[in-house]
Amino acid sequence: MNDKHSIPPERIDAELERIANQAAEAGLAPVRQTLEAFDERWYGQLVVRVYESLANQPTTDTIVPGATAIELLRGYCRLRSELLVQLNDERPHSLSHDQSTALLAGDYLHSSAYSSLGSLDPLPAAACSDALTDTLMATAEAFVVGYRHRSSTMEPTRFFDDTTGNIGECAALLGGTIAGVDENQREHAVRIGRGISTSRQIGRILDADPSLFKVVPRFIDESKLREHADDCREDARVALRALSSTGDVTPLRRLVEDELPT
């Protein structure tokens, strides 16, 4: 796996900007607001790094659709979760989406995620679409069970696994599918994606300014969540070591190690 090169994140930004402009022309301002909430494009970069590490001859044009799709899916999940909170939470918060506009903007993000895969070859496009569908269904269920149902006993660790963990797994799956990896490589990659994205989000939530709005379960055990984050990071480390035995995974290693304590 030689001739690896860095795929610039600006290519993802440019595609998302094009989609946001189209949404703005249709009066769907929440699309841009949602996409701009994630300025680091971390999940898109996860798609790219998995692909760069595992494809024989990685090219920018091949992977940008997958990276764009995961950022649109991420935006869709965020917007719908915020709307769910706004509609069902009696506590004070800063959300003030117009419900109809937010729903339409969510639909736009949803359809755009699938449309972004249209330039891929038919087989990987179909597999990537299936991955998006599975992730959307699992994430939606997690938000409903973990937040809307007031009597829910869902473990907060499971909430993070089934939301950001699912999105991270999907990102790795997209990158691996487009790279054309074998089943063994795919299994290691999705473990890395799920583990590192779950631990990352737990850390971001627990270490965030307490005055900032967060979509999380009502009651969380900080020590239990930090222990779960440690377990997820270790699982990602183990999977990365296993994946390293199949070839040069330097691009993915760099992304993962940025999220690991020194």
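Computed values, structure above
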{"read-out": "Accessible surface of segment 1-74, 1.4 Å probe, proportion on carbon and sulfur as whole %", "value": "44"}
{"read-out": "Förster radius 25 Å - calculated FRET efficiency between Val144 and Asp221 (Cβ-Cβ, nearest 0.05)", "value": "0.70"}
{"read-out": "Solvent exposure of segment 1-80 as accessible area per residue, Å², 1.4 Å probe", "value": "41"}
{"read-out": "Cβ-derived FRET efficiency at R0 30 Å, Ser111 paired with Arg158, nearest 0.05", "value": "0.55"}
{"read-out": "Leu206 paired with Glu259, simple spin-label distance in nm, labels 7 Å along Cα-to-beta-carbon", "value": "1.5"}
{"read-out": "Net charge, Glu15 excluded, C-beta distance under 13 Å - Lys, Arg +1, Asp, Glu -1", "value": "-2"}
{"read-out": "Nitroxide proxy distance, nm - points 7 Å out along Cα→Cβ at Gln99 and Arg18", "value": "3.6"}
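The values are calculated or read from the model by the stated rules, or taken from the named source; none is laboratory data. What you see is a predicted model, and the numbers here were worked out from it, not measured in a lab. Because the Cβ atoms are built from the backbone with ideal geometry, glycine has one as well, and the counts that use them run over all protein chains shown. To get the accessible areas, we keep the full protein, side chains included, count just its heavy atoms, and leave off ligands, DNA and RNA. Shrake-Rupley method; radii C 1.70, N 1.55, O 1.52, S 1.80 Å.
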